[in-house]
Amino acid sequence: MGIYLDYNASSPIDERILDVMIDVYKNSYGNADSRTHDYGDRARVVVENSRKQVASLLGVDSGEVFFTSGATESNNIAIQGLEEFANKTGKKHIITTAIEHKAVLETTKAMKQRGFEIDIINPDLTGRIDSNHILKKVREDTLLVSVMHVNNETGIIQPVQEIGNELEKKNIFFHIDATQSCGKLVEEIRNLKYDMLSFSAHKLRGPQGIGVLILKKKKYKLPPVKQIMYGGQQEHGIRPGTIPVALVAGCGKACEIAEQEYMENAKKVKALKKILIEMLNDSGVAFKFNGVQKYCVDSTANICFPGVMSEALMLSCKQYCGISNGSACTSKNYSPSYVLEAMGVPLEEIENSVRISWGADIQSEEFHENIEQLLTIVKSFVF
């Protein structure tokens, strides 16, 4: 099977996290909302401890941490959950970007059908949104600005700090999708100004099927987000449904490990990117990065190989490395990357582009060996 290099789609679970989850499945199997026996108490302790682990990583209060099924649901709650407040106040204008995950873009599209006005901002060829373009769109009736921290396709860091600093002065909610930065850009996230933040555990080596929505308190009050589906009062009514205790424990453990190891992990992924760049430069193969690399995280590279169709390349190198050419959430049927399109990348270059993403657990020797095989295949297409 070769080496897995699609961490931005989903990362392999850390065995330490799996061990914690198995222990919970065996020994803390009660319903965390059952208050009549010790089994429920034991499960509730696991959940609240996990909530504290998440809060510690992000530098927030544990009462601001709400568990969901993943960042997609968190994004939906953050946006749709403000509808009642919007109808009461008349603030029905939302600003977002053209490079957001579909969980944001499709949700805002649905809000438009309900009478909201949506402004969508494009990046330039650097892959970044100009914060001034966002802020110039702000109006008296602006309800929400939603911008991702790190783009999932290009790895480009967006100017959420500048945007958050300005929006804090205004009565406008700011939502950040931190799925690709949580557990990686730890200090940066702790210093951000925002009202709501989303992420999924499986992007930081935790389990699939669990995510978090952070709702920051202002003057002791949470943002006026309401539930978007109905059931019980779990997660203070924000997200009804039985709490998946083992998944929550896995999410908490992933955050604990990330907090302990993020500085060392940063060095490891940076070293792997250095290997990749050196190999590209020495290969004699024509290539270009999509997005300016000074803004890019060290765990991602979106690369155009002129004259090499990405679909053909991915199939040809399947036995050496698992790579992609866009978001996993849009890859069931191939269509050109909407992110690269929004950046202004020519269609031919989009069709020649692949995404490589990795984690700190990958060994440099294995990485080098399989990237070498990838480049050999690229050469076979162009020489």
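General remarks:
- As a calculated quantity, the FRET efficiency between His368 and Asn87 at R0 = 56 Å, using C-beta atoms, amounts to about 0.50.
- Estimated inter-spin distance, Lys226 and Glu261, nm [label 7 Å along Cα→Cβ]: 4.3
- Percent of alpha-carbon pairs separated by more than 27 Å within the chain: 50
- Summed side-chain charge close to Phe67 - residues other than Phe67 whose Cβ falls under 13 Å, Lys, Arg +1, Asp, Glu -1: -1
- Length gained on full extension, Asp124 to Glu341: 77.1 nm, using 0.36 nm per residue less the C-alpha separation.
- Placing unit charges on each Cβ (+1 for Lys and Arg, -1 for Asp and Glu) gives the chain a dipole about its Cα centre, and among Met314, Gly70, Leu222 the Cα reaching farthest toward its positive end belongs to Leu222.
- Rounded to the nearest 20, the Cβ-based charge dipole of region 15-256 about its Cα centre (Lys and Arg +1, Asp and Glu -1) stands at 460 debye.
- Formal net charge of residues neighbouring Trp358 (Cβ-Cβ distance under 13 Å; K, R +1; D, E -1): +4
- Greater than 18 Å apart at Cα, pairs in Lys294/Lys318; Lys318/Lys379; Lys226/Lys253; Lys102/Lys218; Lys253/Lys274: Lys294/Lys318; Lys226/Lys253; Lys102/Lys218; Lys253/Lys274
- Neighbour cut-off at most 14 other Cβ (10 Å), DSSP loop, chymotrypsin sites (Phe, Trp or Tyr not before Pro), region 139-245: Tyr220, Tyr230
- Computed over the Cα atoms of region 1-146, the ratio of the radius of gyration to the Kirkwood radius (Rg/Rh) comes to 1.08.
- The loop-placed trypsin sites (Lys or Arg not before Pro) in region 59-139, going by DSSP, that have at most 13 neighbouring Cβ atoms within 10 Å of their Cβ come out as Arg114, Lys136, Arg139.
- For a straight C-alpha distance cut-off of 12 angstrom, the aspartates and glutamates reachable from Lys268 (same-chain residues fewer than eight places away being disregarded) are Asp298, Asp361.
- Taking a Cβ cut-off of under 15 Å around Gln113, the surrounding Lys, Arg, Asp and Glu residues balance to a net charge of +1, with basic ones at +1 and acidic ones at -1.
- Report summary: the helix-based calculation at 222 nm, which adds -39500 (n - 2.57) for every DSSP H run with n ≥ 4 and divides by the residues of the chain, gives -12500 deg cm²/dmol.
None of the figures in this text is laboratory data; all of them are computed from the coordinates on show. Small disclaimer: the values here were computed from a predicted structure and weren't measured. Don't worry about glycine lacking a Cβ; one is built from the backbone with ideal geometry, like all the others, and counts go over all protein chains shown.
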